[in-house]
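Note sheet for the following structure.
The values are calculated or read from the model by the stated rules, or taken from the named source; none is laboratory data. On a predicted model such as this, the values are computed, not experimentally measured, just so you know. Neighbour counts run over all protein chains shown; Cβ positions are idealised from the backbone, glycine included. When the accessible area is computed, the model is the full protein with side chains, heavy atoms only, and any ligands, DNA or RNA have been set aside. Shrake-Rupley method; radii C 1.70, N 1.55, O 1.52, S 1.80 Å.
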Amino acid sequence: EVNIKELQVIPANMEMANLTKKVKLNFKVLGKKYGKQMKEIAEATAKLSNKEIAELEQNGIYILNLPGGEVQLTTDDVEIITEDMPGWLTANEGKLTVALDITVTDELLKEGIARELVNRIQNIRKQNGYEITDRITVEIEKRDEINDAVTEFSNYISSQTLAAGISLVDKLEDGIELDFDEYMVKVKVEKTR
């Protein structure tokens, strides 16, 4: 569904490199409990380490020993957020944090192009009124941006689209132009006889 290659489940107490957590105070709730100490609480929570925040997450409570007196922070008093790291996107839901490595390697880029070509070729099949079992041939006009992807993933593209063959050609006189945001790709799809 989301094209994830690998999933790692990491225990909450395990430190993850570059993962920075912060505590966001619920001033409405804490203000009622500790009104005069709010400035102190805000300063102290801003300095909490990842380890201390993990302790709050696991135990549901963390004690702050402040000059104005002891403060018991609970998970109801705060929202624990994970800051985005370079090359990662993060999201939180309660105690759960999801971090996605969004680094696009050359291999992932090629695979993404191949998947997009499959999607577009399937749409062309549909537009042409081909049956689901009809075999096709596919010609794709050469472009530096896609040539390697088509070559490396030709078997995948063929199997997904029921193409008897996929060929890269220097020039296509006819065919359909597909907009790939930064460039156009010309494709010709025909039913095999």
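Based on the alpha-carbon set only, what is the convex hull volume of the stretch 82-125 divided per residue, in Å³? Walk me through the numbers before you get to the answer.
On the way: hull volume 3.9 nm³, N = 44.
Taking only Cα atoms, the stretch 82-125 has a hull volume of 88 Å³ per residue.
What ranking of D181, D101, D77 comes out by heavy-atom accessible area, probe 1.4 Å, highest first?
Details: D181 145, D101 90, D77 0 Å².
Result of the area sort, largest leading: D181, D101, D77.
Count charges around R143 for me, please; just the other residues with Cβ under 12 Å from its Cβ, Lys/Arg as +1, Asp/Glu as -1. Don't jump to the answer; show the numbers that get you there.
Values: positive: K142, K171, K186; negative: E141, D144, E145, D148, D170, E177, E182.
Once positives and negatives cancel, what remains is -4.
Select one label from (i) 137; (ii) 171; (iii) 114: the one whose number is volume of the Cα convex hull per residue in Å³ as derived from the coordinates shown.
Label of the calculated value: (ii).
Leaving ligands, DNA and RNA out of it, report the carbon-plus-sulfur percent of the accessible area of the chain at a 1.4 Å probe. Show your work: numbers first, answer last.
Working: 6220 of 12950 Å².
Taking all protein chains in place, the chain shows 48 percent carbon and sulfur surface.
Got a sec? What order do V29, V2, V150 fall in by accessible area at 1.4 Å, biggest, i.e. largest, first? Mind dumping the intermediate values first?
Details: V29 55, V2 105, V150 5 Å².
From most accessible down to least: V2, V29, V150.
For the stretch 110-193, what value does the Rg/Rh ratio take when both radii are computed over Cα atoms and Rh is the Kirkwood radius, given to two decimals? Don't skip to the answer; put the middle values down first.
Numbers: Rg = 11.6 Å, Rh = 12.6 Å.
So for the stretch 110-193, dividing Rg by the Kirkwood Rh gives 0.92.
Sketch the reach of a paramagnetic label on E116 as a point 7 Å from Cα along Cα-to-Cβ, and name the residues of the stretch 140-154 whose backbone nitrogen lies under 14 Å away.
Answer for this model: 143-150.
Run the numbers for D106 and K28: contour at 0.36 nm per residue of separation, minus the present Cα-Cα distance, in nm.
Numbers: separation 78, 0.36 × 78 = 28.08 nm, distance 4.83 nm.
Length gained, D106 through K28: 23.3 nm.
What number, rounded to the nearest 500 deg cm²/dmol, is the helix-based mean residue ellipticity at 222 nm of the chain, given -39500 (n - 2.57) per DSSP H run of at least four residues and division by all its residues? Display every interim value, and only then the final one.
Numbers: 6 runs with 63 residues, N = 193.
For the chain, the value works out to -9500 deg cm²/dmol.
Which value, in Å², gives the accessible area per residue of the chain when a 1.4 Å probe is used on the protein heavy atoms? Could you put the intermediate results ahead of the total?
Values: 12950 Å² over 193 residues.
Computed with neighbouring chains in place, this is 67 Å² per residue.
Per 0.36 nm of contour for each residue apart, how much would the distance between N123 and W88 grow if the chain were fully extended, relative to their Cα-Cα spacing?
Working it through step by step, the gained length comes to 9.4 nm.
Using heavy-atom solvent-accessible surface (probe 1.4 Å) with all chains present, what is the largest-first order of S154, S159? List each step's numbers first, then the result.
Working: S154 35, S159 75 Å².
Accessible-area ranking of S154, S159, largest first: S159, S154.
What range in the chain is the longest one free of GluC sites (Glu not before Pro) that are in a loop by DSSP and have at most 14 other Cβ atoms within 10 angstrom? Could you put the intermediate results ahead of the total?
On the way: sites that count: E1, E6, E15, E131, E145, E173, E182.
It runs 16-130.
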